[in-house]
Amino acid sequence: MVSNFITSIHHLRICAEYMDDIVRQAPGSRAAVLFEGYSKKIKWILRDISTYPYFNDEIRDGIKTEIASDPLTYRAIMERISLLAPAQRDLLELVIDDLIDGKQIKIEVDEQS
């Protein structure tokens, strides 16, 4: 459930970013007016989620951190992962598991390869 919750926040942020981009590209157009309204509604949803009174402070702070993060980073990471070989993806999965478990990761880059 936590993963779906965070993913939904990412999707809302990405959607708002693309709508804001339409507004930036064609200011004053009918599309800009329409999408500016939609963007405001999405931002209201995000604000409502981040202030939901039944969440404790830790959860609300985590939500606010996710909302404030770069919405396109998640997508960029996923695009790059698809370029890895299967063995590299398997290794990356192990590294991600260690990061989630709070382990410190040391990366050495071999410049001669």
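The values are calculated or read from the model by the stated rules, or taken from the named source; none is laboratory data. The model shown is predicted, which means the values in this text are computed figures rather than measured ones. We place every Cβ from the backbone using ideal geometry, glycine too, and count neighbours over all the protein chains shown.
For the range 1-42, a residue qualifies if it is surrounded by 14 or more Cβ atoms within 10 Å (Cβ to Cβ) and basic (Lys, Arg), and exactly one does: ARG13. Against the test of being within 17 Å of the chain's Cα centre (by Cα) and outside the structural domain of ILE9 (by TED's automatic domain parsing), the options ARG60, ARG80 yield a single qualifying residue, ARG80. Among the residues of the range 44-101, those that are without any contact (Cβ under 8 Å) to a residue 12 or more places away in the chain, aromatic (Phe, Trp, Tyr), surrounded by 10 or more Cβ atoms within 10 Å (Cβ to Cβ) and within 17 Å of PHE5 (Cβ to Cβ) comprise TYR52, PHE55.
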